[in-house]
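One structure is given here, and the rest of the page talks about it.
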Amino acid sequence: MTEGREFESPEVLEELERFIDSWSGGGNAVKDIFLRIKTAILEYPETRLDFHCRPGVSYSLRASKVVGISSLLFVLVDVVDDDPENRWLSVCFYADAVTDPEGMGNRIPAGILGQDGHCFDVFDEDASLLPYLEARIREAHGHAGET
């Protein structure tokens, strides 16, 4: 792994890889977008990834910026799994960490660990949204750790 980027544990990386390898059927465009977002996140230094599986509900990739001894969440990428043949993504940030100049997302009151969130839903036809999301990831990473 690139220096300064890590997974919470080797088991987390293995679990993520198993999930990606098992992702088949419908939603392959969404899978490609998920992989591109994961790659974009890993471009940032001092980034730690965690992965939470809740089959039938969601698979959640959580990226935190390591600041000193703390890890500060800056993006959540949920693969919504209510229909495994038709998965979609919900890419979420703390509301005060990103802008949404094009109005493409939704404000979610108390939606991320009890704090207001801003989420962007991504479906098969939404690959063109990727550059916009990458800009939001850049914003959120830059704001993580600001006081």
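The values are calculated or read from the model by the stated rules, or taken from the named source; none is laboratory data. Keep in mind that what you see is a predicted model, and the values were worked out from it rather than measured. Please note: Cβ atoms are built from the backbone with ideal geometry, for glycine as well, and neighbour counts cover all protein chains shown.
For the reader, a short list of remarks on this structure follows.
- Of the numbered criteria (1) in contact (Cβ under 8 Å) with a residue 24 or more places away in the chain; (2) in a helix (DSSP H, G or I), the one Cys119 fails is (2).
- Once region 118-128 is narrowed to residues that are within 22 Å of Ser24 (Cα to Cα) and of a type in the set (A, V, I, L, M, F, W, C), the residue that is surrounded by the fewest Cβ atoms within 10 Å (Cβ to Cβ) is Ala127.
- Residue within region 59-76 that is at pLDDT 90 or above, surrounded by fewer than 20 Cβ atoms within 10 Å (Cβ to Cβ), among the β-branched types (Val, Ile, Thr) and within 15 Å of the chain's Cα centre (by Cα) present: no
For (1) closer than 18 Å to Phe120 by Cα; (2) in a loop (DSSP other than H, G, I, E, B); (3) modelled with pLDDT of 90 or more; (4) not polar (S, T, N, Q), each residue gets a yes or a no:
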site	(1), (2), (3), (4)
Thr2	no, yes, no, no
Glu11	no, no, no, yes
Arg18	no, no, yes, yes
Ser24	no, yes, no, no
Val30	yes, no, yes, yes
Leu35	yes, no, yes, yes
